Amino acid sequence: MYKARFILMIIALLAILGGTMSFKAGKRRQLSNLFYPTTGDFTQNGASRNLTYAYLAPYRTFRTDIYEFPINVTRPLYTGTTQSTTTVGGAFYFITVVTGPAWITLNGIYDDAGQ
């Protein structure tokens, strides 16, 4: 019984350690989806306002296949987004906006291919 508990404890610790390491590797290598700014009309309480917000782009910063090549994208893409507030029609409205510098195309941009 003691051996079984010890083995299960080791397995659990290795799983936690592996999950933590993969998360840190993803953050360090900046593996993420990309976003682009777009505009849209938002209506609330009878008032309308045109806002620029972050939209998920069909591109990512990492490859999923070793034979996948980077693609050429003409619009600026960003990895960072943040939640912001604004007022539309006198009431608060939460909106996601892009932050930080644009992703450098030399770092590689890959097609999401519907994944």
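The values are calculated or read from the model by the stated rules, or taken from the named source; none is laboratory data. In this text the structure is predicted, and so the values were computed from the model without any measurement. As a convention, Cβ positions derive from the backbone with ideal geometry for all residues, glycine included, and neighbour counts pool all protein chains shown. With ligands, DNA and RNA removed, areas are computed over all heavy atoms of the protein, side chains included. Shrake-Rupley method; radii C 1.70, N 1.55, O 1.52, S 1.80 Å.
Would you confirm whether any residue within segment 10-27 is out of contact with any strand residue (DSSP E or B) (no Cβ under 7 Å at 6 or more places or on another chain), modelled with pLDDT of 85 or more and not in a helix (DSSP H, G or I)? The answer is no; no qualifying residue exists. With respect to the conditions (1) assigned to a strand (DSSP E or B); (2) of a type outside the set (D, E, K, R); (3) modelled with pLDDT under 85; (4) open to solvent by 80 Å² or more (accessible area, probe 1.4 Å), residue 115 lacks only one, and its number is (1). Within segment 49-78, residues that are farther than 16 Å from residue 109 by Cβ have Cβ atoms under 9 Å from residues that are modelled with pLDDT under 85 and assigned to a loop (DSSP other than H, G, I, E, B) in these pairs: 49/89, counting only partners at least 6 apart in sequence or on another chain.
Would you say residue 104 is among the aliphatic types (A, V, I, L, M), more than 27 Å from residue 43 (Cα to Cα), open to solvent by 60 Å² or more (accessible area, probe 1.4 Å) and at pLDDT 85 or above? I'd like the intermediate steps shown before the answer.
Values: among the aliphatic types (A, V, I, L, M): yes; more than 27 Å from residue 43 (Cα to Cα): yes; open to solvent by 60 Å² or more (accessible area, probe 1.4 Å): yes; at pLDDT 85 or above: no.
Considered against the rule, which asks whether it is among the aliphatic types (A, V, I, L, M), more than 27 Å from residue 43 (Cα to Cα), open to solvent by 60 Å² or more (accessible area, probe 1.4 Å) and at pLDDT 85 or above, residue 104 comes out as no.
Among the residues in segment 65-88, are any of a type in the set (D, E, K, R), open to solvent by 100 Å² or more (accessible area, probe 1.4 Å), modelled with pLDDT under 85 and closer than 26 Å to residue 112 by Cβ?
Here is the first cut: in segment 65-88, the residues of a type in the set (D, E, K, R) are 65, 68, 75.
Narrowing the set further to residues that are open to solvent by 100 Å² or more (accessible area, probe 1.4 Å) leaves 75.
Restricting the remaining residues to those that are modelled with pLDDT under 85 gives none.
No; the residues of segment 65-88 include none that is of a type in the set (D, E, K, R), open to solvent by 100 Å² or more (accessible area, probe 1.4 Å), modelled with pLDDT under 85 and closer than 26 Å to residue 112 by Cβ.
Looking across segment 81-112, the residues that are in a strand (DSSP E or B) and without any contact (Cβ under 8 Å) to a residue 40 or more places away in the chain come down to 82, 83, 84, 85, 86, 87, 92, 94, 99.
If you go through segment 44-58 one residue at a time, do you hit one that is surrounded by 14 or more Cβ atoms within 10 Å (Cβ to Cβ), in contact with a Phe, Trp or Tyr (Cβ under 9 Å, 6 or more places away or on another chain) and at pLDDT below 85? Yes: segment 44-58 contains one or more residues that are surrounded by 14 or more Cβ atoms within 10 Å (Cβ to Cβ), in contact with a Phe, Trp or Tyr (Cβ under 9 Å, 6 or more places away or on another chain) and at pLDDT below 85.
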